[in-house]
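Following: one structure in structure tokens, then a few remarks.
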Amino acid sequence: MLTKRLGSVIARRNLSSVSRVLSKSSIRPLNVRPKTGLSFYESFSRRFSISSKVNQSVEASFDSLTPEERDVLTQERAIDKVDVCIVGGGPAGLATAIKLKQLANESGKEDLRVVVLEKSADIGSHIVSGVILEPRALRELFPSSEHYDQNGNGIPLPSDIVTKCVKEEMKFMIGNLVLPIPVPSHMRNENKNYVGSLNQVTAYLGEKAEEVGVELYSGISVSEVLYSKDNNSVIGVATKDMGISKSGRPKENFERGMEFHARQVVFAEGCHGSLTKQIIKKFGLRNNAQNQSYGLGIKEVWEVPKEKFKKGFTAHTMGYPLSNYVYGGGFQYHFGENLVTVGLVVGLDYKNPYISPYQEFQKLKQHPYYRNVLEGGKCISYAARALNEGGMQAIPKLHFPGGVLVGASAGFMNVPKIKGSHTAMKTGMLAAEEIFKVVSEMPSLEELEETGREDLVEKPINLESYQKAFKNSWVYEELHSVRNVRPSFNSFLGGYGGMAYSGLDTFILRGRTPWTFSFHESDASVTEIAAKYKPIEYPKPDGVISFDILTSVSRTGTYHDEDEKCHLRVPDQDLQKHAEAAYPKWKGIENRFCPAGVYEYVEDKNSPLSVKFQINAQNCIHCKTCDIKVPTQDINWVVPEGGDGPKYSLT
């Protein structure tokens, strides 16, 4: 399959450089592994390390490179032309791709090229969620499925990767006191929804995508948006160069990235995508929307003793360990065979810079309500990821000349439901339907080539119909009805006020109010200086229920090449300058908000600050928290080389 596809690229473009760029499997379809050389899969089997510490700029400027090095880095990139290019192979991106190819195949347009580019080594291995799945979008995507029961009910997923919710409860915890609270109607899962691993679900969707003819490439980092000559529209994307050392010089294994030109580019990068940020800013997509607010979800998967396992049981908790002025809550989901997901979501709009979401999670597990389930078990997986919490108010404009935003790239999570996969997939399907209406009326790529026409479109496609389709969808209706729940926790009454209003809104008002609450400015901007607070002394991990952060990161399979350019960017990679701006005010907040031990301040008697700032980029699990929460807003998360990062399982 790989040879066939690449052969067609070479035949269409007749570019000898394509062979060089792709011959080493830098682009691989789902589950295809290179047979020679050090693969990403072998790399992930290595335990992570913190040996790659960057504390000062070691990067050479472009001007200081030799002429030969500059020529290598700027050589012409191979170009492939496709109908639709989707950046991101998560649930939203795959739902978009599958729906597009379903429509194309049904219409006799099987040659419509839909390409998905995914940065993780395997489809699904960067995916993190609780997850409780609401089957609505999946049932619409797959109206017929072998996995439905004889009455056509159920979810179109294999029974070995999802477990039906059969019992649920919600608790409020004060110290060791556990109080039952009613489950709001919008949060009810019992006999409706399904527990599982979203990374397994995503891998399955990847298989379904290939079945309908989607060209699916994993291990590909997309690092650049390509614009038209007038700079007013998107014409495609470029993949990241491989084999650049941390000094910025090309290594012997250097491979130039490749350009994908498309009639429509779909950005499905997930929460706080590195390219989506650029698109939103360039086209002013947030001009009529509020700032996005975020949470950080941290989870573990445990194998527990049989007598403690309650298959299909789900629980959500509020209160302990978080204070009244920190939004968030805990959860435990029982699924599969003796597997329990336990986790904590912490709103990143907390003010106290001494708070550590990771340490709060360790405290949560020590509460009897959780510890009694986990004791005697074994932690087998760890993961963390930022998630959108801004809801309806923070959804940006969804279209721009040349492309659209779908899923968590735009932020369709239903925060009160604690679910976003169903809304993400549905928005991808809506986008696919509107894209197909336009693209299917155009000459095929083969016809364009026969006529010698270079431009894929006569004028950029600005898909206003997608925005209208969203406005008329059940996704909009669902998000509109709960729009005031999350921001109600930002009042001076804190969590108690939020719970009181949320109860009123969800049980009685149901969103039918003439008012819409506003969010604050960015989560970074609300962070107060350390002088207003006392340092928090968190309990030491016991190594049984709670763990140190490096032990947790070792369970993620994370790997980055030690000799690659740091993907955590500060201006000029001047870490001392960052430390001078951040440390005096926030006293090492970077140490505490990062759930992977990437950032640290270490004692340095020679520094005016008595500390120096270090970036352990090899530990990064791609949660994006640093980019969101750092008060100085000078850390920019960009994609590392393709295939780098975590290799999650059961998350």
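The values are calculated or read from the model by the stated rules, or taken from the named source; none is laboratory data. Fair warning: this is a prediction, and the values are worked out from it, not measured in the lab. Using ideal geometry, Cβ is built from the backbone for each residue, glycine included, and neighbour counts are taken over all protein chains shown.
Pick from the stretch 78-102 the residues that are among the β-branched types (V, I, T) and in a strand (DSSP E or B): which of them is surrounded by the fewest Cβ atoms within 10 Å (Cβ to Cβ)?
That would be I79.
Taking the residues in the stretch 517-528 that are at pLDDT 85 or above and surrounded by fewer than 14 Cβ atoms within 10 Å (Cβ to Cβ) as candidates, determine which candidate is nearest to P416 (Cα to Cα).
This residue is E521.
So H578 fits all but one of (1) in a helix (DSSP H, G or I); (2) within 21 Å of the chain's Cα centre (by Cα); what number is the exception?
Answer for H578: the failing condition is (2).
Exactly one of (1) over 24 Å from P143 (Cα atoms); (2) in contact with a helix residue (DSSP H, G or I) (Cβ under 7 Å, 6 or more places away or on another chain); (3) surrounded by fewer than 24 Cβ atoms within 10 Å (Cβ to Cβ) is unmet by Y476. Its number?
Failed condition: (1).
What do you reckon, is R483 assigned to a loop (DSSP other than H, G, I, E, B) and under 30 Å from the mean Cα position of the chain (by Cα)?
The answer is yes for R483.
Might you check whether a residue that is assigned to a strand (DSSP E or B), under 17 Å from the mean Cα position of the chain (by Cα), crowded, with 23+ Cβ neighbours inside 10 Å and not hydrophobic (A, V, I, L, M, F, W, C) occurs anywhere in the stretch 271-290?
no
Please go through the stretch 612-647 and pick out each residue that is surrounded by fewer than 24 Cβ atoms within 10 Å (Cβ to Cβ), closer than 16 Å to E564 by Cα and of a type in the set (V, I, T).
V638, V639
From the list P514, P460, P416, pick out the single residue that is outside any helix (DSSP H, G or I) and at pLDDT 95 or above.
After ruling out the rest, the residue left standing is P460.
When N484 is evaluated against the numbered criteria (1) surrounded by fewer than 18 Cβ atoms within 10 Å (Cβ to Cβ); (2) free of Cβ contacts under 8 Å to residues at least 40 places away in the same chain, which criterion, by number, is the only one it fails?
Checking N484 against (1) surrounded by fewer than 18 Cβ atoms within 10 Å (Cβ to Cβ); (2) free of Cβ contacts under 8 Å to residues at least 40 places away in the same chain, the one that fails is (1).
Could you identify the single residue in L568, L650, L609, L575 that is closer than 30 Å to V162 by Cα and either surrounded by fewer than 22 Cβ atoms within 10 Å (Cβ to Cβ) or of a type in the set (F, W, Y) (or both)?
L650
When both residues are 6+ apart or on different chains and their Cβ atoms are under 6 Å apart, which pairs have a first residue that lies in the stretch 563-591 and is within 24 Å of S245 (Cα to Cα), and a second that is of a type in the set (V, I, T) and not in a loop (DSSP other than H, G, I, E, B)?
Between residues of the stretch 563-591 that are within 24 Å of S245 (Cα to Cα) and residues that are of a type in the set (V, I, T) and not in a loop (DSSP other than H, G, I, E, B), the close pairs are K565/I244; C566/V54; L568/I615.
What residue, of Y320, Y227, Y333, is closer than 24 Å to N193 by Cβ, of a type in the set (S, T, Y) and at pLDDT 95 or above?
Of the residues listed, the single one that is closer than 24 Å to N193 by Cβ, of a type in the set (S, T, Y) and at pLDDT 95 or above is Y333.
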